[in-house]
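Written out below as structure tokens is the structure these notes cover.
Where a number appears in this text, it was derived from the coordinates with a stated rule and is not lab data. Nothing here was measured: the structure is a model prediction, and the numbers come from that model. Quick reminder, even Gly has a Cβ in these numbers, built from the backbone with ideal geometry, and neighbours come from all protein chains shown.
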Amino acid sequence: MTNQPFFIDNVAFAKKNERIAGDLSLADCSRLNDLLIHSAENSKAISRPAGTISYQLQGKTDAAGQQLLDLFIATNLTTTCQRCLNEMPLKLSLNFHYLIGDISDTDIEAGDVDSADDVDMQQASQTMDIVALIEDEIIMAMPIAAIHKEDCGEIITQSGEKPNPFAVLKGLIKS
Ligand SMILES: [Zn+2]
């Protein structure tokens, strides 16, 4: 994987049923990297955000002749639990379906696609930025405040009973 952003002609990609797959590193995704660094600012243990992003993009044409893209993303990232402030793994497995079209053309609606569950519009483009698309989808899928579902570390709390939603603020005051 190069560090260069890469672009596809998404209509041609879909017409030819092309498929690409690969891995990105956080170094390829500076906005996502910044977000993880920001979430780690108050953490106790974390070193640097790390992780990998695997993706597959498949182009296809449906029976109605519409161009579609299927995107699969799997991440294995490290973020910071906002309750115990320790590292926590953030694994995401995401599927997206896009209908390629002219978004300004009101005749095209994602609802017209066969099996139209969760189909998003994607502007027809000869230079669609794949890395930016993948990065956007991960950022939107990330929890605003990541918290361990189990095995959470020592909770920073005043009563010792309920998790303190202001644990992060308390961390700031101490420093
Ligand atoms: Zn935790």
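Descriptive notes on the structure:
- On full extension, the segment bounded by F7 and R19 gains 3.0 nm, given 0.36 nm per residue less the C-alpha separation.
- Relative contact order (%) - region 7-150, alpha-carbon pairs under 8 angstrom, separation at least six: 26
- For the peptides 91-99, 127-135, 142-150, the ranking by mean Cβ contacts within 10 Å, running from highest to lowest, is 127-135, 91-99, 142-150.
- Taking only the Cα atoms of region 7-150, the ratio Rg/Rh comes out at 1.06, with Rh defined as the Kirkwood radius.
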